[in-house]
Structure formats: structure tokens, C-alpha cells
Amino acid sequence: MTKLTVSQRGSIDPFIVMDIMRAAHAREAAGEPVAHLEVGQPGTAAPATARTAAKRAIDGELLGYTDAMGRPSLRQRIAQHYADWYGLDIDPARIAVTTGSSAGFVLAFLACFDAGARLALPSPGYPCYRHISRALGLQPVILTTDAESRWMPTPEMLAHGAPLDGLLLASPANPTGTMLEPDRLKALCAACQSKGIRFISDEIYHGLTWEKPAETALTYNPDAVVINSFSKYFSMTGWRIGWMVLPEDLVRPVERLMQNLFINAPTISQVAAEAAFDGTVELEGHKAVYAANRNLLMTALPKMGLTDLVPPDGAFYIYADVSHLTDDAHELAKRLLAEAGVATTPGTDFDEARGKAFLRLSYARATEDVRMGVERMREWLVRTAHR
């Protein structure tokens with residue numbers, strides 16, 4: 001029998017945290033409780049305003065196709081969000097509503113770059129940046145950051161090696177929770193503009209910062225492509241709804257791609273997302289829980305011997321150096337789940353070269369869940385130390 005073709009696009013690395021989450025769910029299905037410190041998913045539902053709007057729409061609307069770029073009222077509401085949060089006047093015509101931020105990355109890569117383009121990505125960083133870009137034929141160029149730089153790239157990094165076509169970064173970042181200070185964000189934007197590098201800013205964790213608000217790249221680079229989502233601050237992961245803010249030269253290319261690849265983002269999710277902007281009181285309550293969880297971990301982890309930490313500025317992650325415990329964080333994560341019932345994410349998801357020395361701990365769940373995970377980790381470390 002003739003062997004059928006299989007595209008190499010599907011040979012990209014797995015998103016390890018999803019494998020960990022599947023194993024955690026299998027453990028729970030077998031009746032074993034799990035403390036979830038692995039996945040960056042709020043432990044709360046969408047705000048009541050969003051859920052109410054969705055229920056009303058199910059009974060009262062057709063919920064058919066929308067414009068490819070999204071419902072006009074939602075695009076207008078997102079534009080208002082930029083005026084409210086950042087003091088920027090954004091034309092709603094520049095906004096594309098997407099099926100989560102993941103679709104935003106696909107659309108941005110396809111609209112901005114041809115196959116073979118060089119896309120700079122900080123490491124450690126969100127693994128799907130690498131995986132999606134490789135699947136689409138781009139060449140990831142890794143910018144190696146460290147704790148001294150607060151896990152963020154510097155403008156000088158853009159000057160080394162062959163010319164770059166794009167730079168993608170997040171601030172606050174996954175997995176570190178660190179954030180670019182305004183001066184460095186401004187300098188990176190200026191460097192990209194001077195070198196003709198397309199700047200893509202992942203702002204999915206905006207709204208979740210602990211001391212100072214995050215600044216949008218649009219403040220310093222009007223040609224930046226901004227990608228955001230309702231998944232994190234708005235607590236709507238499973239609704240798969242996000243948005244892009246585009247420079248004018250990319251509006252029609254992205255619209256054509258949307259028409260052909262997705263038709264439109266889920267209509268029911270668009271209705272809910274528009275109403276989510278009215279759930280601020282509830283959402284700020286969620287944020288207060290994350291802040292308390294952050295403080296819990298930053299107090300507890302050093303007492304457990306995890307002292308090499310860069311305090312996170314935002315998001316809901318701590319990137320912990322565990323090199324004194326293991327030379328294989330993936331194996332450590334497997335043991336923590338199997339022997340302690342604690343799900344964590346190994347750093348190999350975020351840094352191919354150095355990730356074996358790190359674990360990412362998410363503090364997005366309820367405080368009692370995070371506290372349970374900390375206590376189980378502490379007990380497990382005590383047990384294993386005496387073997």
C-alpha cells in the first residue's frame with residue numbers, strides 16, 4: 001500500500017502544559033485530587049455580565065455569521081477600552097476580533113511575513129510563538145534573556161546577526177510574569193521602527209499587574225501589531241475570543257485571511273465579550289485573589305528552598321529555579337504530579353536550552369487551591385530529602 005503524505009507542519013513540539021493538564025485530569029478522573037499550579041487559566045467563570053448577555057442572546061438572536069472582522073459594536077467597545085485604559089484614540093476599523101489570541105498569532109504571522117522570515121522571540125517565552133511560527137515556515141530567532149535583565153530583551157539584542165523581519169514579545173510575560181519598564185519598551189519600539197522590524201506585542205496579561213499598569217506598544221509605535229484576548233483578565237479562556245489592533249496597511253490583508261480561514265470569531269462569544277467590559281467590579285475581585293496568591297507563593301517558596309526567584313510584575317506565574325533539586329524539570333514535574341498530586345509546568349516548555357532548570361508555577365486558581373499545592377510540595381520535598 002502506498003504510504004500517504006503527512007505534513008511536517010504537524011511535527012512541531014507539543015505544548016507541554018497541555019500534556020501535563022491532560023495527565024492531571026486523568027488523575028482526577030481516577031478519584032485522586034490535584035492541586036493545579038500548571039495551567040494559566042483563571043479558576044473563575046466569565047463575569048456575570050458576560051454570562052447574562054450570552055443567555056439572552058441564545059434566546060433572542062439568530063447568532064449567525066458576523067462581519068469577518070467582528071461585530072461593529074464589539075469593535076467599538078474595544079476601541080473605547082483603549083481610550084479608557086491608555087488614553088489612545090483607536091479607529092474601530094483597525095480592530096479585528098479573533099478566535100482567541102492564538103488565531104491572532106496565526107493571522108499576524110501570515111499577514112506580516114513570508115516563509116523564511118526571521119522572527120525574534122525572547123527565551124524563556126510562550127512556546128506557541130515558536131511552534132506556530134515554525135509550522136508556518138518562519139525562522140524563530142531566539143533572544144536569550146536572563147534574570148539580570150528581568151527575563152526581557154534589550155534593544156541591543158536586535159543589532160546582532162542577520163537582519164530581522166519581526167519581533168514578538170509579551171509584557172507582562174509568560175512564564176516569568178516580568179514586565180518591560182516604559183523606557184525599554186519605548187527603546188525597543190524605536191529600534192524596530194528604525195530597522196524596519198515589524199513589532200508584534202502580546203498584551204494578553206494587561207490588567208493583571210501588581211504595582212504599575214502595563215503600557216501598550218501603541219503608545220510608542222503606531223505601526224505595532226497588538227494581540228490581546230478575553231482569556232486572562234476577563235476570565236474567558238474557553239470562550240475562545242480575542243482581538244488585534246492593526247496598522248492600516250494590515251487591515252485588509254487580515255480581513256481577507258479572516259474571511260478565508262475563520263469566517264468570523266464565535267458569535268456567542270463576541271456577544272459575551274462585549275458585555276464583559278461591564279464586569280469590572282467582579283474582575284477586579286478576581287485580580288485581588290491573584291495578588292494574594294502571588295504574595296502567598298513569594299513567601300512560601302523561599303521557605304521551601306526555592307530562593308532564586310525574580311518577583312513577577314504581573315500575569316499569574318512565578319518562574320522558579322529548581323536546578324538544586326534536579327537536572328530535569330520535566331521529570332520533576334512528573335514526580336510532583338504522581339507522588340504529591342501537584343501539577344506544575346517544566347521550564348522546557350518555555351526555554352529549549354535552559355528550561356530543565358526551571359518550573360513555572362501558576363497562581364491563577366482559588367487561594368485555597370494554591371495553598372494546598374504549596375503544602376503538598378513542601379511535604380513532598382521533606383519526604384524526598386530523607387530518602
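The values are calculated or read from the model by the stated rules, or taken from the named source; none is laboratory data. All figures in this text were calculated on a predicted structure; none of them were measured in a lab. Cβ atoms come from the backbone with ideal geometry, glycine included; neighbour counts cover every protein chain shown.
Quick look at the values:
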{"item": "Criterion violated by residue 228 - all others in (1) part of a loop (DSSP other than H, G, I, E, B); (2) under 17 Å from the mean Cα position of the chain (by Cα) satisfied", "result": "(1)"}
{"item": "Complete set of residues in segment 140-167 that are farther than 26 Å from residue 310 by Cα and either in contact (Cβ under 8 Å) with a residue 60 or more places away in the chain or assigned to a strand (DSSP E or B) (or both)", "result": "166"}
{"item": "For residue 292: the one exception among (1) hydrophobic (A, V, I, L, M, F, W, C); (2) closer than 30 Å to residue 58 by Cβ; (3) surrounded by fewer than 18 Cβ atoms within 10 Å (Cβ to Cβ); (4) under 21 Å from the mean Cα position of the chain (by Cα)", "result": "(2)"}
{"item": "Test for residue 188: is it touching a Gly at 6+ places or on another chain (Cβ under 6 Å) and closer than 21 Å to residue 126 by Cα", "result": "no"}
{"item": "Matching entry among 137, 177 (being under 16 Å from the mean Cα position of the chain (by Cα) and either surrounded by 15 or more Cβ atoms within 10 Å (Cβ to Cβ) or not in a strand (DSSP E or B) (or both))", "result": "177"}
{"item": "Residue in segment 301-316 that is in a helix (DSSP H, G or I), at pLDDT 95 or above and surrounded by 15 or more Cβ atoms within 10 Å (Cβ to Cβ) present", "result": "yes"}
{"item": "Filtered residues of segment 355-365 (kept if of a type outside the set (S, T, N, Q), outside any helix (DSSP H, G or I) and under 16 Å from residue 309 (Cβ atoms))", "result": "358, 359, 360, 361, 363"}
{"item": "Yes/no for residue 17 being part of a helix (DSSP H, G or I), outside the structural domain of residue 133 (by TED's automatic domain parsing), under 30 Å from residue 371 (Cβ atoms) and of a type in the set (Val, Ile, Thr)", "result": "yes"}
{"item": "Among the candidates 104, 70, 31, 100, residue that is free of Cβ contacts under 8 Å to residues at least 24 places away in the same chain and either surrounded by fewer than 17 Cβ atoms within 10 Å (Cβ to Cβ) or not assigned by TED's automatic domain parsing to the domain that holds residue 364 (or both)", "result": "31"}
